[in-house]
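**Student:** Structure in structure tokens, see below.
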Amino acid sequence: MSGPVIGLKKATRSVGDGASGDGTGAGAPVGADIGERPRLITPERFFGQGVVITGAAQGIGRAVAQRIAHEDASVLLVDRADLVHEVAESLADVGAGSVHSVTADLETFEGASAAMAAAAEKLPSVDIVINNVGGTIWAKPYEHYAPEEIDKEIRRSLFPTLWMCRAAMPVLIDGGGGTIVNVSSVATRGVNRVPYAASKGGVNALTSALALEAAEHNIRVVATAPGGTLAPQRRVARGPSPEGEQEEAWYRRIVDQTVDSTVMGRYGTLEEQAGPICFLASEEASYITGSVLPVAGGDQG
């Protein structure tokens, strides 16, 4: 990234109402939205390729969708929120490729299969699948999680990637190969979010294990592990906001750890997360598979 981005103001330790790409939800520091055009693009990098992007309605997923569309891919944007159709409409004419959208519940195999069926129908080819669904719902010490909350956290942050990889593999194999990029998190060592950390640890294991199986089919499987990422307030809430002094204190500990664990001492931006994801998805990363790349200002997770 260029110098002006390195010099961004350090994140404050106050509790707000935003969302961040390391999986934290309501209560994270709020940042600026992406512009109408990415600050950095590589024209034609994805020309002629079909790309599926999940969790594309907001945050990192939307930033990735914007950049890949500007870099001339044909894209299918997937989200469970109808907002994804607005995002697709806004990107309809920015590049040489076509832009499509579909809603699906990716916490189920049926939803993931439907998304991949739509991709096979709408895209000229399916070359890249970017799995971006997930995020902390609650923030509290593990002993305070109810069993049903643990189940919901795992279903939110592990199963969408697990099911999408399963649904994508036959399509990519039939097409002669491709790339899967999973979005994990450095919060595998995060406080007050053990179920989320376990989920993203599962994503890391899925990435490395599936890469071993997929290589013979000419399929790369890679991941990024974002750290705290400034984003605008979510239009579709991920979970409840902290209530009361105790919940705010639990959440504030996440914010403090996120900043303290980075060498750069700040949250990242949406563009700083989208760039590495797009690199790993591209042919520039053709000799990389099974790797999880931390994108967290020096925090290795």
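The values are calculated or read from the model by the stated rules, or taken from the named source; none is laboratory data. Keep in mind it's a predicted model, so treat the numbers as computed, not measured. Don't worry about glycine lacking a Cβ; one is built from the backbone with ideal geometry, like all the others, and counts go over all protein chains shown. To get the accessible areas, we keep the full protein, side chains included, count just its heavy atoms, and leave off ligands, DNA and RNA. Shrake-Rupley method; radii C 1.70, N 1.55, O 1.52, S 1.80 Å.
**Student:** So which residues in segment 254-271 are under 19 Å from the mean Cα position of the chain (by Cα), farther than 21 Å from TYR142 by Cα and part of a helix (DSSP H, G or I)?
**Tutor:** Within segment 254-271, LEU270, GLU271 qualify.
**Student:** Within segment 23-66, take every residue that is among the aliphatic types (A, V, I, L, M), under 17 Å from the mean Cα position of the chain (by Cα) and modelled with pLDDT under 95 and give me the one that is farthest from ARG234 (Cα to Cα). Before you say what the answer is, go through the steps one by one.
**Tutor:** Step one: filter segment 23-66 for residues among the aliphatic types (A, V, I, L, M), giving 26, 28, 30, 32, 34, 40-41, 51-53, 56-57, 60, 63-65.
With under 17 Å from the mean Cα position of the chain (by Cα) added as a condition, the list becomes 26, 28, 34, 51-53, 56-57, 60, 63-65.
From what's left, modelled with pLDDT under 95: 26, 28, 34.
Working: ALA26: 8, ALA28: 11, ILE34: 13 Å.
The selected residue is ILE34.
**Student:** Let me ask something else. Determine if segment 141-162 includes at least one residue that is at pLDDT 95 or above and in contact with a strand residue (DSSP E or B) (Cβ under 7 Å, 6 or more places away or on another chain).
**Tutor:** Looking for residues that are at pLDDT 95 or above and in contact with a strand residue (DSSP E or B) (Cβ under 7 Å, 6 or more places away or on another chain), one finds at least one in segment 141-162, hence yes.
**Student:** Something else about it: Take segment 74-101 and flag every residue that is outside any helix (DSSP H, G or I) and over 14 Å from GLY61 (Cα atoms).
**Tutor:** Answer for segment 74-101, where residues must be outside any helix (DSSP H, G or I) and over 14 Å from GLY61 (Cα atoms): SER74, ASP82, ALA92, ASP93, VAL94, GLY95, ALA96, GLY97, SER98, VAL99, HIS100.
**Student:** Residue by residue through segment 159-189, note down the ones that are assigned to a loop (DSSP other than H, G, I, E, B) and open to solvent by 30 Å² or more (accessible area, probe 1.4 Å).
**Tutor:** If the condition is that a residue be assigned to a loop (DSSP other than H, G, I, E, B) and open to solvent by 30 Å² or more (accessible area, probe 1.4 Å), then GLY175, GLY176 are the ones that fit.
**Student:** Going by the structure shown, is ASN192 in contact with a Phe, Trp or Tyr (Cβ under 7 Å, 6 or more places away or on another chain), open to solvent by less than 30 Å² (accessible area, probe 1.4 Å), touching a residue at least 24 places away in the same chain (Cβ under 8 Å) and not in a helix (DSSP H, G or I)?
**Tutor:** yes
**Student:** Could you list, in sequence order, the residues of segment 205-247 that are charged (D, E, K, R) and either exposed (fewer than 15 other Cβ atoms within 10 Å of the Cβ) or in a loop (DSSP other than H, G, I, E, B) (or both)? Let's see the steps before the verdict.
**Tutor:** We begin by selecting, within segment 205-247, every residue charged (D, E, K, R); these are 213, 216, 220, 234-235, 238, 243, 245, 247.
The answer is GLU213, GLU216, ARG234, ARG235, ARG238, GLU243, GLU245.
**Student:** Which numbered condition in (1) over 20 Å from GLY202 (Cβ atoms); (2) touching a residue at least 60 places away in the same chain (Cβ under 8 Å); (3) under 19 Å from the mean Cα position of the chain (by Cα) is the only one that TRP138 fails?
**Tutor:** (1)
**Student:** Consider ALA117 carefully, then state whether it is assigned to a helix (DSSP H, G or I) and open to solvent by 40 Å² or more (accessible area, probe 1.4 Å).
**Tutor:** yes
**Student:** While we're looking at this one, here's another question. For segment 256-270, how many residues meet the condition of being in contact (Cβ under 8 Å) with a residue 24 or more places away in the chain and either touching a Phe, Trp or Tyr at 6+ places or on another chain (Cβ under 9 Å) or open to solvent by 50 Å² or more (accessible area, probe 1.4 Å) (or both)?
**Tutor:** Qualifying residue count for the region: 5.
This table checks each residue for (1) free of Cβ contacts under 8 Å to residues at least 24 places away in the same chain; (2) touching a helix residue (DSSP H, G or I) at 6+ places or on another chain (Cβ under 7 Å).
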position	(1), (2)
ALA205	yes, no
ALA211	no, no
VAL221	no, yes
GLY228	no, yes
ARG234	no, no
PRO242	no, yes
GLN246	yes, no
